[in-house]
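K.L.:
Quick one: this structure, given as structure tokens, is what I'll be asking you about.
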Amino acid sequence: MAHFDENAKPFSHKWMNERLAVDTLKRVLSTEYWIPKNINFLWAMGMVLAATFGVLLISGIFLLMYYQPNTHLAFDSVNYTIMSEVGYGWLWRHVHAVGASVVFLIIYIHMFTGIYYGSYKRGRELIWLSGMLLFVLFSAEAFSGYMLPWGQMSYWAGMVITNLFSGGSLHANGLVEWIRGDYVPGQAFLNRFFMLHVLLVPLAIIGVIVLHFGTLRIPHVNNQEGEEFDFEESAEMYKAGDVKHSKVIPFSPVFLSKDIFVMGIYFIIFFYLVFYHFEFAMDPVNFDPANGLKTPTHIYPEWYFLWSYEILRPFSTNVGLIAFAFAQMIFFFLPFLDRSPNVAPAKRRGLFNLWFWALLIDMIVLTFMGKLPPEGIWSTVGFVAALTFIGLWILLPIITIKEKKL
């Protein structure tokens, strides 16, 4: 039976510790959660992402106070009421729009950092899988939020993306109508995506963030050289005062202070964009009200989806859908496709280094091509880049299985 000190003052440290194990939580999650010394600022991107998600939640709550989820009122509630009538409404919208765009830049940096340093290998597979699940959830959150202003690009992007669920030659139009709640995007469609954006997907994201941090706790964070060492032994050295020779530092306050410094630099850039260059996060076409009878000249998603959109576009309908599905799922299989025994930065892994940079450059090319109309030379470049993406993933197990152990 638990023992409680009846003389402890309510809500004092001792009173709280007896009921919530505050000291144990602090030790397990903070002061004795050990981080390798041999890391750089890129390891702070996880905390930057968590902070940005917090900013998106807060700004979203303020926008929710005035947004009207109605096809006749949504556009004006965003572009007139919030932007013109509500005090500092324009600021909250800029913060939310810039945050929704910048968060994907940080996600891609975080993702490619993990690939470069092999942080998905040797017991860290669940870290990678939970991270990729977060990427999918953030994508769903971004797409559902993009529908809410009910502008031209919102409407037609929703039309195009939901059409993908017809399955090409399968003609699963019933599934598309079930998702939309109608034959075309309308009130039911807006209601559903509003509910997803403000409730279900954020709750799922919070849950998976907790899972993601949990998966980091046992195998510990990777380091720049992929070096294996005894965390417990290094931790004991640190606690004994031999800080110089210990290979680890505590998460709090040492590593956390470095995270906060990086976040400080990040938020300086973030708010510079909010006040001076917010327009990059807002498509001009979306400042026209949704009109189902007037198709935009060129329909395209936001920049962070352009690479996967360009993989879909150059092929026939059925092949394009298969290629698109391949692009969405293949990153989940990275820990199992990389057959190398080495956990080391890509620069030390020969052919894998070439593979990594080829993949990164190819995705950048796909992103640029996805924004351009599929005409002339751009159509050819996009087609070649899409084939290259697929080919690189087919090559990965072949080049890594022959990699010599370092």
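K.L.:
Can you tell which of Lys347, Lys371 is in the same structural domain as Leu334 (by TED's automatic domain parsing), open to solvent by 80 Å² or more (accessible area, probe 1.4 Å), without any contact (Cβ under 8 Å) to a residue 24 or more places away in the chain and basic (Lys, Arg)?
P.N.:
Residue meeting the stated conditions: Lys347.
K.L.:
Which condition number does Leu199 fail, the rest of (1) among the aliphatic types (A, V, I, L, M); (2) over 27 Å from the mean Cα position of the chain (by Cα); (3) surrounded by fewer than 17 Cβ atoms within 10 Å (Cβ to Cβ) being met?
P.N.:
Here Leu199 meets the rest and fails (2).
K.L.:
Taking the condition of being touching a residue at least 60 places away in the same chain (Cβ under 8 Å), out of contact with any Pro (no Cβ under 8 Å at 6 or more places or on another chain) and in a helix (DSSP H, G or I), how many residues in the stretch 272-285 meet it?
P.N.:
Qualifying residue count for the region: 6.
K.L.:
Going by what's in this entry, would Leu359 be described as touching a helix residue (DSSP H, G or I) at 6+ places or on another chain (Cβ under 8 Å), open to solvent by 50 Å² or more (accessible area, probe 1.4 Å), more than 15 Å from Gly226 (Cβ to Cβ) and not charged (D, E, K, R)?
P.N.:
Considered against the rule, which asks whether it is touching a helix residue (DSSP H, G or I) at 6+ places or on another chain (Cβ under 8 Å), open to solvent by 50 Å² or more (accessible area, probe 1.4 Å), more than 15 Å from Gly226 (Cβ to Cβ) and not charged (D, E, K, R), Leu359 comes out as no.
K.L.:
Scanning the stretch 19-58 for residues that are more than 20 Å from Ser130 (Cβ to Cβ) and small (Gly, Ala, Ser), which turns out nearest to the chain's Cα centre (by Cα)?
P.N.:
Ser30
Quick grid of which residues meet (1) in contact with a Leu (Cβ under 7 Å, 6 or more places away or on another chain); (2) open to solvent by less than 20 Å² (accessible area, probe 1.4 Å):
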residue: Leu105; (1), (2): no, no
residue: Tyr117; (1), (2): no, no
residue: Gly123; (1), (2): no, no
residue: Ser130; (1), (2): yes, yes
residue: Ser144; (1), (2): yes, yes
residue: Val160; (1), (2): no, no
residue: Phe165; (1), (2): yes, no
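K.L.:
Next up: Only one of these is of a type outside the set (S, T, N, Q), assigned to a helix (DSSP H, G or I) and in contact (Cβ under 8 Å) with a residue 40 or more places away in the chain: Pro202, Pro149. Name it.
P.N.:
Pro202
K.L.:
I need every pair where a residue in the stretch 316-328 that is within 12 Å of Ser169 (Cβ to Cβ) has its Cβ under 8 Å from the Cβ of a residue that is of a type in the set (Gly, Ala, Ser), sequence separation at least 6 or different chains.
P.N.:
From residues that are within 12 Å of Ser169 (Cβ to Cβ), the pairs are Thr317/Gly168; Thr317/Ser169; Asn318/Gly168; Asn318/Ser169; Gly320/Gly168; Leu321/Gly167; Leu321/Gly168.
K.L.:
Can you confirm whether the stretch 286-298 contains a residue that is part of a helix (DSSP H, G or I), in contact with a helix residue (DSSP H, G or I) (Cβ under 6 Å, 6 or more places away or on another chain), in the same structural domain as Met111 (by TED's automatic domain parsing) and buried (at least 17 other Cβ atoms within 10 Å of the Cβ)?
P.N.:
For the stretch 286-298, residues part of a helix (DSSP H, G or I), in contact with a helix residue (DSSP H, G or I) (Cβ under 6 Å, 6 or more places away or on another chain), in the same structural domain as Met111 (by TED's automatic domain parsing) and buried (at least 17 other Cβ atoms within 10 Å of the Cβ): present.
K.L.:
For a quick check of your reading of the model, give me the residue pairs whose first member lies in the stretch 1-25 and is over 22 Å from Ser252 (Cβ atoms), whose second is open to solvent by 100 Å² or more (accessible area, probe 1.4 Å) and outside any helix (DSSP H, G or I), with beta-carbon atoms closer than 6 Å and at least 6 apart or on different chains.
P.N.:
Going by the 6 Å Cβ cut-off, the qualifying pairs are Glu18/Phe4.
K.L.:
Which of the numbered conditions does Trp92 fail, given that it passes all the others? Conditions: (1) over 28 Å from Ala188 (Cα atoms); (2) in contact with a helix residue (DSSP H, G or I) (Cβ under 9 Å, 6 or more places away or on another chain); (3) open to solvent by 20 Å² or more (accessible area, probe 1.4 Å).
P.N.:
In the conditions (1) over 28 Å from Ala188 (Cα atoms); (2) in contact with a helix residue (DSSP H, G or I) (Cβ under 9 Å, 6 or more places away or on another chain); (3) open to solvent by 20 Å² or more (accessible area, probe 1.4 Å), Trp92 misses (1) alone.
K.L.:
Taking the stretch 334-391 only, how many residues are more than 27 Å from Pro314 (Cα to Cα) and either assigned to a loop (DSSP other than H, G, I, E, B) or within 20 Å of the chain's Cα centre (by Cα) (or both)?
P.N.:
11
K.L.:
Can you give me the ranges of the helices (runs of 4 or more DSSP H) entirely in the stretch 1-81 with at least 1 residues that are open to solvent by less than 30 Å² (accessible area, probe 1.4 Å) and in the same structural domain as Arg93 (by TED's automatic domain parsing)?
P.N.:
Here the list reads 45-64.
K.L.:
If you don't mind, there's one more thing I want to ask. Out of all the residues in the stretch 205-223, which are open to solvent by 40 Å² or more (accessible area, probe 1.4 Å) and either touching a strand residue (DSSP E or B) at 6+ places or on another chain (Cβ under 8 Å) or among the hydrophobic types (A, V, I, L, M, F, W, C) (or both)?
P.N.:
Ile206, Val210, Leu211, Phe213, Ile218
K.L.:
Related question: List every residue pair whose Cβ atoms lie under 6 Å apart, where the two residues are 6 or more positions apart in sequence or sit on different chains, the first residue falls within the stretch 40-62 and is under 20 Å from Tyr108 (Cα atoms) and of a type in the set (Phe, Trp, Tyr), and the second residue, located anywhere, is open to solvent by 20 Å² or more (accessible area, probe 1.4 Å) and in a helix (DSSP H, G or I).
P.N.:
Hits for this filter: Phe41/Val262.
The values are calculated or read from the model by the stated rules, or taken from the named source; none is laboratory data. The shown structure was predicted, so the numbers you read here are calculated from the model rather than taken from an experiment. Please note: Cβ atoms are built from the backbone with ideal geometry, for glycine as well, and neighbour counts cover all protein chains shown. Heavy atoms of the whole protein, side chains included, go into the accessibility calculation; ligands, DNA and RNA do not. Shrake-Rupley method; radii C 1.70, N 1.55, O 1.52, S 1.80 Å.
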